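Structure first, commentary second.
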Amino acid sequence: MSSMRERPCTDGEETRKRRPTTLSTSRTERKCHSLIDKVYGRTNLARAWKKVKENKGSAGIDGMAIEAFEARQDELLDLLHQKLRDDSYAPKPVKRVTIDKPDGGSRKLGIPSVMDRVVQQALVQRMEPIFEPTFADGSFGYRPGRSPHMAMQRVWRDINAGHVWVLDADLRQFFDASSYCPLGFFECLEEVGMWRRYLNS
């Protein structure tokens, strides 16, 4: 039985023989576990669809709304399972929209298709339990069980402890201006190809 916290890399082991992946370094060469069979598992895809449905949201570039996906959910989840299994799935281009910011100016947003959001959520469900425990304790952005209010509490705690220097930094439009992908730790995962497809869509 697989574990949600199963590590993707373990020296001297591999979970599948198909398309073995290696990570070479100057000191050692490691064989890595594959997670893709756990990502496209029907139970995991069903959980992912439930989460996407709860989050609602607009249709992507293909025009398929949440309600339309729900009407064909069994058919579409089966299709996703098969395409992910045979590595023929390709994400659709992201729908680009611009919204006004309260303080002036505008913000560009990308809206993935509902089907792509299901796949993204399926990936998160399998990878988050592995990498979440490795994040710094002082990191609060986009992490489960953490909020901006908790971040502010941490700031005030540190100020009261005598830490009075604050660094405010913003990587503005990083992926718009840079071709560098800071996902080096994904190189040992078979799924890295799928992540790059999403970054380039």
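Numerical summary
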read-out: Residue list for the range 62-91, filter: outside any helix (DSSP H, G or I), surrounded by 15 or more Cβ atoms within 10 Å (Cβ to Cβ) and at pLDDT below 95; value: Tyr89, Pro91
read-out: Within the range 58-113, considering residues that are in contact with a Lys or Arg (Cβ under 9 Å, 6 or more places away or on another chain), without any contact (Cβ under 8 Å) to a residue 40 or more places away in the chain and of a type in the set (S, T, N, Q), the one nearest to Ala46 (Cα to Cα); value: Gln73
read-out: Flag if Lys50 is within 17 Å of the chain's Cα centre (by Cα) and modelled with pLDDT of 95 or more; value: yes
read-out: Where a residue in the range 117-146 is under 22 Å from Lys56 (Cα atoms) and its partner, wherever it lies, is β-branched (Val, Ile, Thr) and open to solvent by less than 40 Å² (accessible area, probe 1.4 Å), with Cβ under 6 Å and at least six apart; value: Arg117/Val52; Val118/Val52; Gln121/Val52; Ala122/Val39; Leu123/Val39; Arg126/Val39
read-out: Residues satisfying the stated conditions in the range 108-139, i.e. aromatic (Phe, Trp, Tyr) and either assigned to a helix (DSSP H, G or I) or more than 16 Å from the chain's Cα centre (by Cα) (or both); value: Phe131
read-out: Qualifying residue in the range 168-188 (condition: in contact with a strand residue (DSSP E or B) (Cβ under 7 Å, 6 or more places away or on another chain) and modelled with pLDDT under 90); value: yes
read-out: Tabulated pairs, the range 34-49, first within 21 Å of Ala65 (Cβ to Cβ), second of a type in the set (Val, Ile, Thr), C-beta under 6 angstrom, 6+ apart or interchain; value: Ala48/Val118; Trp49/Val118
read-out: Scope the range 30-71; condition among the hydroxyl-bearing types (Ser, Thr, Tyr) and more than 19 Å from Arg85 (Cβ to Cβ); matching residues; value: Ser58
read-out: Answer residue from the range 132-148, given it is surrounded by 10 or more Cβ atoms within 10 Å (Cβ to Cβ) and out of contact with any helix residue (DSSP H, G or I) (no Cβ under 8 Å at 6 or more places or on another chain) and is nearest to Lys83 (Cα to Cα) among those; value: Glu132
read-out: Cβ-Cβ under 7 Å pairs, at least 6 apart or on other chains, the range 148-171 side closer than 17 Å to Ala136 by Cα, far side open to solvent by less than 100 Å² (accessible area, probe 1.4 Å) and of a type outside the set (D, E, K, R); value: Met150/Phe140; Ala151/Phe140; Arg154/Gly138
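The values are calculated or read from the model by the stated rules, or taken from the named source; none is laboratory data. The structure presented is a predicted model; accordingly, all values stated were derived computationally and were not measured. Positions of Cβ are generated from backbone atoms using ideal geometry, with glycine treated the same way; all protein chains shown enter the neighbour counts. Ligands, DNA and RNA are excluded from the accessible area calculation, which covers all protein heavy atoms including side chains. Shrake-Rupley method; radii C 1.70, N 1.55, O 1.52, S 1.80 Å.
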